[in-house]
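Following: one structure in structure tokens, then a few remarks.
What follows is calculated from the coordinates using simple rules that are stated; it is not laboratory data. Everything numeric in this text was worked out from a predicted model, so none of it was measured. Every residue, glycine as well, gets a Cβ built from its backbone with ideal geometry; the counts of neighbours run over all protein chains shown.
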Amino acid sequence: MVIMNLQVADLIVTNARIITMDDDRPAAEAIAIKDGLVAAAGSAAEIAGWKGAGTKIVDAAGGSVLPGFIEAHMHLFSGAAELAHLQLAGVAGFDALRDAIRAYAASRPDATMLVGQGVDYSVLGKGVRVTRHHLDSILPDRPFLMAAPDHHTAWANTRALETAGILNGRMLGPGNEIVMGADGLAEGELREGEAFGPVLALAGEERVRLGLSTGGEPNPMPSAAEREADRAIMRRGLAWCSRHGITSIQNMDGNFYQLELLSEIEAEGGLICRTQIPFHYKNFMTLDMLEKASRMAERYTGEWLSSGMVKVFYDGVLDSWTAVMIEPYADRPDWRGEPLFSPQQFAELAIEADRRGLQIAVHAIGDGAVRAVLDGYQAAQEVNGARDSRHRIEHIEVTTAADVPRFAELGVIASMQPPHPPGAMGFPLEPTISMIGRARWPWSYAWRTLKEAGAHVVFASDWPVSPIDPILGIQAAVLRKPWAEGDPDQSFSLHEAIATYTVEGAYAEFAEDRKGRLKPGYLADLVVLSGDIEATPPERLHELHPVTTICGGRISYQA
């Protein structure tokens, strides 16, 4: 009789410095994986007993091993498409901008529309706003548009504005603006999606933005060739996530079409990151349209592909004065911003989505928007009764002392982005900190303040708004400095920052019982780094990178 050794791992990672995030055993040297789950974590000698003839061995070479990063706020489809656009992050001054745009245009002689991404608001210098005339002097004869890093403002040349039919302006919904000049024509600055959407449509990438722009489905439905092209874009985005150690994605725009594409990729065996896609509720919708969100939630419930969330935008961003503030902007004393929903509208939405058992995630940047969303969540509890809803607020770039404790009181998750504060990752302090105003600085990007008040704080990149790399986010969180002496220190320790990309990310998707830690029985999602993250000075963390990503026990990326 042959006695089978059932204690044989499919894969072992050894020679590692494992940070398990498991309080019962916080560190280990090796980990055994079987059937897509963590079988054991312990010393190299302990785990050696799990080795069999067919066990694959990954030598971590002394590098750190962490739970796979959970990217709690990103835009997969549009981000993947933008990997092919002109990247303008870090470009400063007219000459550098001109050279970058002309070189890109020369490399794409047949493109009908040229698009740039990540250009700084102050690219032409402090206090100088880009106009179509600047862009015309660079590229007069081909449609061109470039977007700010936050994707809430874009600038287009005259040819693009003419071709899109908006050179003479257009009626738009609340919070959107085509900035008009004294000559009665568009100046070139376009604020929010309704304003720049017609120009972006010229690039033929409407489908990648549908989950963000309308929450609707393609009409007409794409051909087989177009659908395969869209799957290729999705696969490119998934691979980009995996190479940065990401094993779970909480997407922040969505529709059925995205779920269908990812389901087709899953059927091919190509879904290398676990992905959650929300229903995007827009301010022109009616509450009965939440039935679509419920159908998405019922149809997609898997460990690899799921729905169950409603994403909402309540306001815009600080740099285009579209974030909603309680008191006026420091540099515009007559302006507080215009909300995309009235407080009453949002409360009705929150009550109905909550009644359906759906999780809600709301983009709210200004303190006025944050307060209105908290009020809506409170109304939902008062009407429906309290439950473990884990509703979220995304960004929270400014809040107030009065609203900080309400996060813990209402069980609201604070979903925030370490790369976003002015001064982080090379992001300039101006004009943003002057727009916020000195009195609001202590309550701006207040990660630690919220954490110490009992809120669950989860970190993410908001890719493609910021670089996707979670290690850069961890570094930004650890190195965070106050803007003025006497303001609170909002920085996180290394382990606190890692937790926001693992443990807290799992909590945000109700998966803390099986994800975000490396302990027996949990999903085998992990990342092997190129060095020891605990021994690396904070200012050098950016030198680390994933060398192996494992998701569900399978290697999804190998350097």
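Given a Förster distance of 25 Å, report the FRET efficiency between A111 and F427 from their Cβ-Cβ distance, rounded to the nearest 0.05.
With R0 = 25 Å, the Cβ-Cβ based efficiency is 0.30.
Name the long-range amide H neighbours of K56: under 5 Å, sequence gap of 5 or more, or other chain; modelled H, no Pro or chain starts.
HN-HN under 5 Å from K56: L11, I12.
Measuring from centroid to centroid over Cα atoms, what is the spacing of the stretch 127-150 and the stretch 13-54 in Å?
Spelled out, the Cα-based centre of one part sits 53 Å from the other.
Using Cα pairs closer than 8 Å and at least 6 residues apart in sequence, work out the relative contact order for the stretch 501-557, in percent.
The value is 27 percent.
Find the all-direction average of the projected area of the Cα convex hull for the stretch 218-314, expressing the result in square nanometres with one decimal place. Please report the intermediate quantities before stating the final value.
Values: hull surface 27.7 nm².
Orientation-averaged projected area of the Cα hull: 6.9 nm².
What ranking do 208-218, 285-295 get when scored by the average of other Cβ atoms within 10 Å per residue, highest first?
Top of the packing list down: 208-218, 285-295.
Using the Karplus curve 6.51 cos²θ - 1.76 cosθ + 1.60 with θ = phi - 60°, work out ³J(HN,Hα) for each residue of the stretch 295-302 in order, rounded to whole Hz, and write x for Gly and Pro.
5, 4, 5, 6, 7, 10, 10, x
Residue-wise, which Karplus ³J(HN,Hα) couplings in Hz belong to the stretch 139-154, taking 6.51 cos²θ - 1.76 cosθ + 1.60, θ = phi - 60°, and x for glycine or proline?
Along the stretch 139-154, the couplings run 9, x, 10, 10, x, 9, 9, 10, 10, 5, x, 6, 6, 10, 9, 9 Hz.
If each residue's Cβ is checked for other Cβ atoms within 10 Å, how do D253, D525, D150 rank with the fewest at the top?
On the way: D253 23, D525 32, D150 20.
Ascending Cβ contact count within 10 Å gives the list D150, D253, D525.
Mind giving me the FRET efficiency for Q378 and R25? R0 is 51 Å, r the Cβ-Cβ distance, nearest 0.05 is fine.
Values: r = 40 Å, r/R0 = 0.78.
It comes to 0.80.
I'm checking a number: the convex hull volume of the Cα atoms of the stretch 1-144, normalised per residue, in Å³. What is it?
222 Å³
Can you spot the lysines whose alpha carbon is less than 16 Å from K56's alpha carbon? Ignore those fewer than 8 places along the same chain.
Within the straight-line cut-off, K56 pairs with K34.
Report, to two decimal places, the Cα Rg of the stretch 76-213 normalised by 2.2 N^0.38 Å (N = number of residues).
Taking N as the residue count of the stretch 76-213, the ratio is 0.96.
Between the stretch 308-359 and the stretch 447-509, how many Å separate their Cα centres?
The distance from the Cα centre of the stretch 308-359 to that of the stretch 447-509 comes to 23 Å.
Mind giving me the nanometre distance, one decimal, between the label points for E226 and F510, set 7 Å out from Cα along Cα→Cβ?
3.5 nm
Using a Förster radius of 30 Å, what is the FRET efficiency between A84 and S263 based on their Cβ-Cβ separation? Nearest 0.05, please.
0.80
Run the numbers on the stretch 76-213 and let me know its relative contact order in percent, using alpha-carbon pairs under 8 Å that are six or more apart.
That works out to 21 percent.
Once the Cα atoms of the stretch 293-345 are picked out, what are the Rg and Dmax in Å?
17.3, 50
Taking 8 Å as the Cα distance limit and 6 or more residues as the minimum spacing, I'd like the relative contact order of the chain as a percentage.
Worked out over the chain, it gives 17 percent.
May I ask you to order 118-131, 135-148, 92-105, 387-400 by the average number of other C-beta atoms within 10 Å around their residues, highest value first? All intermediate terms of the calculation are to be shown ahead of the outcome.
Numbers: 118-131: 17.0, 135-148: 19.2, 92-105: 15.3, 387-400: 22.1.
Ranking, from highest mean packing down: 387-400, 135-148, 118-131, 92-105.
Which cross-chain or sequence-distant (5 or more) residues have an amide H under 5 Å from the amide H of H280, H modelled 1.01 Å from N in plane?
Hits under the 5 Å cutoff: G254, K311.
Take each of the peptides 68-77, 340-349, average the number of other beta-carbon atoms within 10 Å over its residues, and list them starting from the highest.
68-77, 340-349
Given the Cα-Cα distance of I57 and N219 and 0.36 nm per residue of separation, how much length would full extension add, in nm? It would help to have the intermediate numbers written out before the result.
Details: separation 162, 0.36 × 162 = 58.32 nm, distance 4.84 nm.
Full extension of this stretch gives 53.5 nm more.
Of the listed pairs K126/K481; K126/K451; K311/K519, which have alpha-carbon separations greater than 30 Å here? Mind showing how you got there, number by number?
Details: K126/K481 22 Å; K126/K451 34 Å; K311/K519 32 Å.
Beyond 30 Å: K126/K451; K311/K519.
Amide H to amide H, which residues 5 or more places from T275 or on other chains are under 5 Å from it, using H placed in the peptide plane?
Amide H neighbours of T275: I249, L305, S306.
From the helices alone, meaning DSSP H stretches of at least four residues, give me the mean residue ellipticity at 222 nm for the chain, per-run term -39500 (n - 2.57), in deg cm²/dmol to the nearest 500.
Calculated mean residue ellipticity at 222 nm is -8500 deg cm²/dmol.
Kindly write out, for the stretch 377-388 in residue order, the coupling ³J(HN,Hα) from the Karplus curve 6.51 cos²θ - 1.76 cosθ + 1.60 (θ = phi - 60°), rounded to whole Hz, with x marking Gly and Pro.
Residue by residue, the stretch 377-388 yields 5, 5, 4, 5, 5, 5, 7, 9, x, 6, 8, 7 Hz.
Can you work out the base-10 log of I(q)/I(0) for the stretch 326-392 at q = 0.15, 0.16 1/Å, using the Debye formula on its C-alpha atoms alone?
-0.49, -0.54
Subtracting the Cα-Cα distance from 0.36 nm times the residue separation, let me have the gained length for A330 to V8 in nm, one decimal.
Length gained, A330 through V8: 109.5 nm.
Convert 20 °C to kelvin, take the viscosity as 1.002 mPa s, use the Kirkwood radius over C-alpha pairs of the stretch 149-253 as Rh, and evaluate the Stokes-Einstein diffusion coefficient in µm²/s, rounded to a whole number.
Estimated diffusion coefficient is 136 µm²/s.
How big is D, in µm² s⁻¹, for the chain by Stokes-Einstein at 37 °C and 0.692 mPa s if Rh is the Kirkwood radius over C-alpha pairs?
The calculation lands on 135 µm²/s.
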